[in-house]
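Structure record follows, encoded as C-alpha cells.
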There are 2 protein chains.
Amino acid sequence: MEMESIITEMAKKARIASREAASAGSAVKNRVLTDLADILLAERKALFVENARDVEAAREKGLSAAMVDRLTLTDKTVESMAKGLREVAAQEDPVGGISHMRVRPNGLMVGKMTIPLGVVCMIYESRPNVTVDAAGLCLKAGNAVILRGGSEAIHSNTALGGLIARALAENGLPPETVSLVPITDRAAVNVLLAQEEYIDLVIPRGGEGLIRFVVEHSRIPVLKHYKGVCHMFVDRGADHGMAEGICMNAKVQRPGVCNALETLLVHKDEARTFLPRVEGSLKAAGVEIRGCERTVEIVAEAVPATEDDWGREFLDLILAVKVVDSLEAALAHIAAYGSQHTEAIVTPHYDRALTFMRRVDASAVMVNASTRFNDGGELGLGAEIGISTSKLHAFGPMGVKELTSEKFVVLGEGQIRS
Amino acid sequence: MEMESIITEMAKKARIASREAASAGSAVKNRVLTDLADILLAERKALFVENARDVEAAREKGLSAAMVDRLTLTDKTVESMAKGLREVAAQEDPVGGISHMRVRPNGLMVGKMTIPLGVVCMIYESRPNVTVDAAGLCLKAGNAVILRGGSEAIHSNTALGGLIARALAENGLPPETVSLVPITDRAAVNVLLAQEEYIDLVIPRGGEGLIRFVVEHSRIPVLKHYKGVCHMFVDRGADHGMAEGICMNAKVQRPGVCNALETLLVHKDEARTFLPRVEGSLKAAGVEIRGCERTVEIVAEAVPATEDDWGREFLDLILAVKVVDSLEAALAHIAAYGSQHTEAIVTPHYDRALTFMRRVDASAVMVNASTRFNDGGELGLGAEIGISTSKLHAFGPMGVKELTSEKFVVLGEGQIRS
C-alpha cells in the first residue's frame, strides 16, 4: 500500500513537472544537458565508488561476465555518456515547430505543431548508462521521465539520479522532471503500468521476458521491440563480392545485436558459386552454418538445419542458410519467419529491388546494404531511445522526434462552422 | 471455446488478407470503394428490410428515440455512405510514397515509405454506417479490418457485410479483407483484444463505458477518445461580436458532439460588457448558464455553478461560465479541467495568441475560430475514422493517413558498417 502511494505520487508529480518541461526554452533544456555532461565528468570518482557496490554485489550473486560488463562504469562509458548528452544538446529542438500549414477554403489556416508526449516511463535492466541517455533524450523532447532501472544497478542509478537532479536544479527545472523509482521490487512495475492518467508512454528495454511482462500488464501505450531476426537475400545475378561483404558485416561485426544477420537466403542460380565462396570467410570467422538440404549438398561442413533454426535469433556466430527458387520464395520465407525488424536484398535488378522494398514488412528494408545500418545514429536520427517493431507511433529506431507528438493549430479571423 | 477459436481463426485470416490488401494497387482499392457505393444504392431496399428488423427489436426493447434514430438507415444515410466512399476513392493513395529521402555521409540513401498498419479492429455501437465508413477508410490505407458492431445493429451490419464482400470479390480481393464478427456477446470482445499477434490496432467508438472496457482489457494498442470538454477564453480586448459569434456557434450549432463548447472563460475586463451581450443570444437559443460567483453577479438568470460543473461534458444546451483574472488563470483552468480535445481563445493580441497556442495541451488549439472546426473534414483530412485524445501515433481527428505507418528504406551500393 505504501509502495503504491509512493509511486502514484511520483507519477502525479511527474505529470505536473512535464508542463514545465514542455514550456522550457531550448536554451534551458540544452544547458541542463551540457551541465550534466560536465557534472558526470567532474564526479566520476564518486560515481565509480557507487558503481563498485553494484559490481561487487553482481559478482557475489554470480551474474555472468557479460552482465557484469554491462553494469560496469569506466572512464570510457562516462565519457561516452557525456559526449552523447552534448550531441543531443546540439540537435535542433524537436518541439514547437509548425508544419503543413495550409489555408482552408474558409480562410482558416490549419497546421500541426510538434509537442512533447508528456510523461515517459522507461523500464530497463542492467546498463546504468540508459539512465543518462534516456533522461537526456526525454528532456530534449520536453518530456518528464520516470526511470525504473534494474535492482542490480540501483546504487549506480541512484548516484546518477542525484547528478541529474543537480543539473536540473542549477537550471531552475523541477527535480520531478526526471525521477528515479527507488523501489526495485517487480510489483512496483505493476503499479507504474497502471498510472495511465499520469504516464503517456512506457518504453521497456531488456530481455524478452521483461518486455512481454510490460505489454501484458500495461494500460499505458508501450513502444517495444521483441527481437530481430534479420534475413538477407542474395538475388539472381547479385554481385558476389558485394553479397559476401554485406553477409560478413551483417553476421560477424557484432553478432549479439538485434540488427545482426540470422538467416541467409540464396537464389538457386547463385548457390553453387556463391555458397562455396562465402563458406571460407564464414569458417575463418568461426561461424557455424546450419543449412537447408540443398545448402548441405553444396557446403560440406554445414550442419543440417532443423525447423527451429528458421526464424531463430541466434545472437551468436551461427547462420541459417537456405537456397530458394525465386524472389517470391524469399519473400514468402521472410513473411513466415521474419520479425519485422530488418531485411536486406542484394540485387542488380531495378524491378526486383522495388518489389522487395515494397513487399517486405520490416521497420527497415535494405537494398545492397548491411542490416547493421538499422540504427538511429546510422540512419541519421541521432541518439536512439529504442527500436520499435510495432507500427503504431514509430516503427524502427526512435530518436528524439519519436518522443514527440503533434497538435493541430488553427488560426482564424472569427470563422464559425456552417 | 468454440467462440474463441472462431475469432482467433478470423483474426489469423485477416492477417493473411492484410498482405494482399497492402500490395493491392490504388486502382483496385478505389474500384472496390466505388463498386460498393453502387451496390449500396442498388440494394438499398434489401438493406432497409434487414435494418427494419433491428429497428423493430430496438423499439421492443424500449431503446431511446436517439438510439433508434442512430440505428435507422434511410435513403439519406445510404446516399451519404455512398458519397463518403466516392470521396475516399478520390483521395490520393496514402500508401507507398517515400519521403525525407536523404543521403548519409557514406552515400546510403535513407527515406521513409508509408505502409499500411496491417489489421485494424473497430469496436463500435449502434450506427450501421460505421461499418461502411470504417471498411472504406481501412481498405484505402491498405489494411484489413475486423468489424465488431453492436448487437442492436446485427441484421443491418450482416447485410452491409454481404455487400462489402461482393465488392471485394468483384475486384479479386479476399473476403477476409473486411470481416464482420458474427458474435455479439461481449466475451467476443475480450477474445479479440487478446489477438495481439494478428491485430495491430483497436479503435473503439461509442460510449465512455465501452472505451474504458477496451482500454482495460486490450493487449493491442488502442486509439481512443474519451470525451471533449472544450473551453473558449474571451481575452482582454477581444472583439465582442467575434467572441459572441464563436461562442454561439460552438455551443448551439450541435450541442451533443464532442467539439461543442462546454465552458466559457471571460477575462475580468470584458465580463461586465460581454456577458450581458451574449446572455441574450444564449437565452434565445435556450441555453442554461451555470456561472461562477462573479458571473452570477452580472448575469441575473445564471444558476450558480457547482464544482462538478467545471470540466463537465454537458452535451446539452448548458454552458458553464467563469470570469478569470488573467490569461494565466484561463490557462490554469484549462490545464485543470480540460480533456485535451479542443480549446479556443478569442484575442486581438499577437503575443497572447502565441502563448495560448503553445501552452494549451489539446489536440486542436483554435485562435479566433470555433471549437466546432476540430473535425477531419473541416481540418482537411477528408473522412475521419475517429478522434484521438491520447498523443501516441495520432492526436486529434484521424483520417486515412493515420491508418498508416512508415518504414525505413535504405538504398545502397554495397555499404557495410564500420
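Please go through region A:306-363 and give me each residue that is among the hydroxyl-bearing types (Ser, Thr, Tyr) and closer than 17 Å to B:GLY412 by Cα, ordered by number.
Those that are among the hydroxyl-bearing types (Ser, Thr, Tyr) and closer than 17 Å to B:GLY412 by Cα: A:THR342, A:THR347, A:TYR350, A:THR355, A:SER363.
Being modelled with pLDDT of 95 or more, touching a strand residue (DSSP E or B) at 6+ places or on another chain (Cβ under 8 Å) and within 14 Å of chain A (Cβ to nearest Cβ): is that true of B:MET113 here?
yes
Can B:GLY228 be described as among the small types (Gly, Ala, Ser), surrounded by 18 or more Cβ atoms within 10 Å (Cβ to Cβ) and under 30 Å from B:ALA369 (Cβ atoms)?
yes
Here are the criteria: (1) among the charged types (D, E, K, R); (2) buried (at least 19 other Cβ atoms within 10 Å of the Cβ); (3) in contact with a helix residue (DSSP H, G or I) (Cβ under 8 Å, 6 or more places away or on another chain). Tell me which single one B:LYS112 does not satisfy.
(3)
Determine whether B:GLY245 is over 21 Å from B:GLY286 (Cβ atoms) and either surrounded by fewer than 23 Cβ atoms within 10 Å (Cβ to Cβ) or in contact with a helix residue (DSSP H, G or I) (Cβ under 7 Å, 6 or more places away or on another chain) (or both).
It is false that B:GLY245 is over 21 Å from B:GLY286 (Cβ atoms) and either surrounded by fewer than 23 Cβ atoms within 10 Å (Cβ to Cβ) or in contact with a helix residue (DSSP H, G or I) (Cβ under 7 Å, 6 or more places away or on another chain) (or both).
Looking at region A:94-109, which of its residues are surrounded by fewer than 20 Cβ atoms within 10 Å (Cβ to Cβ) and among the β-branched types (Val, Ile, Thr)?
Passing the criteria: A:ILE98, A:VAL103.
To keep it simple, each residue is scored yes or no on (1) surrounded by 21 or more Cβ atoms within 10 Å (Cβ to Cβ); (2) over 29 Å from the mean Cα position of the chain (by Cα); (3) touching a residue at least 60 places away in the same chain (Cβ under 8 Å).
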residue	(1), (2), (3)
B:ILE211	no, no, no
B:PHE233	yes, no, yes
B:GLY256	no, no, yes
B:ASP269	no, yes, no
B:LEU282	yes, no, no
B:VAL296	no, yes, no
B:VAL299	no, yes, no
B:ARG312	no, no, yes
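So, in region A:235-244, of the ones that are of a type in the set (Gly, Ala, Ser) and in contact (Cβ under 8 Å) with a residue 60 or more places away in the chain, which residue ends up nearest to the other protein chains (Cβ to nearest Cβ)?
This residue is A:ALA243.
Determine whether region B:175-188 contains at least one residue that is assigned to a helix (DSSP H, G or I), surrounded by fewer than 24 Cβ atoms within 10 Å (Cβ to Cβ), assigned by TED's automatic domain parsing to the domain that holds B:GLY96 and touching a strand residue (DSSP E or B) at 6+ places or on another chain (Cβ under 6 Å).
no
May I ask you to say which residue of A:VAL95, A:VAL78, A:VAL103, A:VAL88 is within 14 Å of chain B (Cβ to nearest Cβ), at pLDDT 95 or above and under 19 Å from A:ALA134 (Cα atoms)?
Checking each option against the conditions leaves just A:VAL95.
Which of the residues spanning region A:39-62 are among the acidic types (Asp, Glu) and touching a residue at least 12 places away in the same chain (Cβ under 8 Å)?
A:GLU43, A:GLU50, A:ASP54 - these are the residues of region A:39-62 that are among the acidic types (Asp, Glu) and touching a residue at least 12 places away in the same chain (Cβ under 8 Å).
Tell me, which strands (runs of 3 or more DSSP E) wholly within region B:340-411 include 1 or more residues that are under 21 Å from A:SER390 (Cβ atoms), in contact with a helix residue (DSSP H, G or I) (Cβ under 9 Å, 6 or more places away or on another chain) and not charged (D, E, K, R)?
B:386-388, B:396-398
Filter region B:63-89 down to residues that are closer than 22 Å to B:LEU36 by Cβ and touching a residue at least 40 places away in the same chain (Cβ under 8 Å), then give me how many there are.
Total meeting the criteria: 14.
Mind checking which pairs have a first residue in region B:335-355 that is closer than 22 Å to B:PHE274 by Cα and a second that is among the basic types (Lys, Arg), Cβ under 7 Å, 6 or more apart or different chains?
As it stands, the answer is none, since no pair meets every condition given.
Going by the conditions given, is B:GLY162 on the phi < 0 side of the Ramachandran plot, free of Cβ contacts under 8 Å to residues at least 24 places away in the same chain and outside any strand (DSSP E or B)?
yes
So, restricting to helices (runs of 4 or more DSSP H) that lie completely within region A:206-318, which ones have at least 1 residues that are polar (S, T, N, Q) and at pLDDT 95 or above?
So the answer is A:240-252, A:268-284, A:293-298.
In region A:189-221, what count of residues is obtained for those that are among the aliphatic types (A, V, I, L, M) and either assigned by TED's automatic domain parsing to the domain that holds A:CYS258 or touching a Gly at 6+ places or on another chain (Cβ under 7 Å) (or both)?
The total comes to 1.
Select from region A:351-380 the residues that are within 7 Å of chain B (Cβ to nearest Cβ) and among the hydroxyl-bearing types (Ser, Thr, Tyr) and list them in ascending order.
Hits for region A:351-380 are A:SER363, A:SER370.
Residues that are over 25 Å from the mean Cα position of the chain (by Cα): which strands (runs of 3 or more DSSP E) entirely in region B:46-152 hold 2 or more of them?
B:98-103, B:109-116
Looking at B:GLU176, B:GLU196, which is the one that is free of Cβ contacts under 8 Å to residues at least 60 places away in the same chain and either within 24 Å of B:GLU20 (Cβ to Cβ) or within 14 Å of another protein chain (Cβ to nearest Cβ) (or both)?
Checking each option against the conditions leaves just B:GLU196.
For region A:394-415: of the residues being within 9 Å of another protein chain (Cβ to nearest Cβ) and β-branched (Val, Ile, Thr), which is farthest from B:ALA344 (Cα to Cα)?
A:THR404
Could you please give the count of residues in region B:24-46 that are surrounded by 15 or more Cβ atoms within 10 Å (Cβ to Cβ) and either of a type in the set (Gly, Ala, Ser) or in contact with a strand residue (DSSP E or B) (Cβ under 7 Å, 6 or more places away or on another chain) (or both)?
Total meeting the criteria: 3.
Got a sec? Which of B:ILE318, B:ILE345, B:ILE385, B:ILE334 is in contact with a Cys (Cβ under 8 Å, 6 or more places away or on another chain) and more than 10 Å from every other protein chain (Cβ to nearest Cβ)?
Selected residue: B:ILE385, the only one of B:ILE318, B:ILE345, B:ILE385, B:ILE334 that is in contact with a Cys (Cβ under 8 Å, 6 or more places away or on another chain) and more than 10 Å from every other protein chain (Cβ to nearest Cβ).
Looking at this structure, is A:ASN249 out of contact with any strand residue (DSSP E or B) (no Cβ under 7 Å at 6 or more places or on another chain) and assigned by TED's automatic domain parsing to the domain that holds A:LEU282?
yes
Please enumerate the residues belonging to region A:360-418 that are buried (at least 20 other Cβ atoms within 10 Å of the Cβ), touching a residue at least 60 places away in the same chain (Cβ under 8 Å) and among the basic types (Lys, Arg).
A:ARG372, A:LYS407
For residues that are among the hydrophobic types (A, V, I, L, M, F, W, C), farther than 21 Å from A:PHE314 by Cβ and either out of contact with any strand residue (DSSP E or B) (no Cβ under 9 Å at 6 or more places or on another chain) or surrounded by fewer than 21 Cβ atoms within 10 Å (Cβ to Cβ) (or both), tally how many sit in region A:332-356.
Counting residues in region A:332-356 that are among the hydrophobic types (A, V, I, L, M, F, W, C), farther than 21 Å from A:PHE314 by Cβ and either out of contact with any strand residue (DSSP E or B) (no Cβ under 9 Å at 6 or more places or on another chain) or surrounded by fewer than 21 Cβ atoms within 10 Å (Cβ to Cβ) (or both) gives 3.
The values are calculated or read from the model by the stated rules, or taken from the named source; none is laboratory data. None of these values were measured; they are calculated from a predicted model. Don't worry about glycine lacking a Cβ; one is built from the backbone with ideal geometry, like all the others, and counts go over all protein chains shown.
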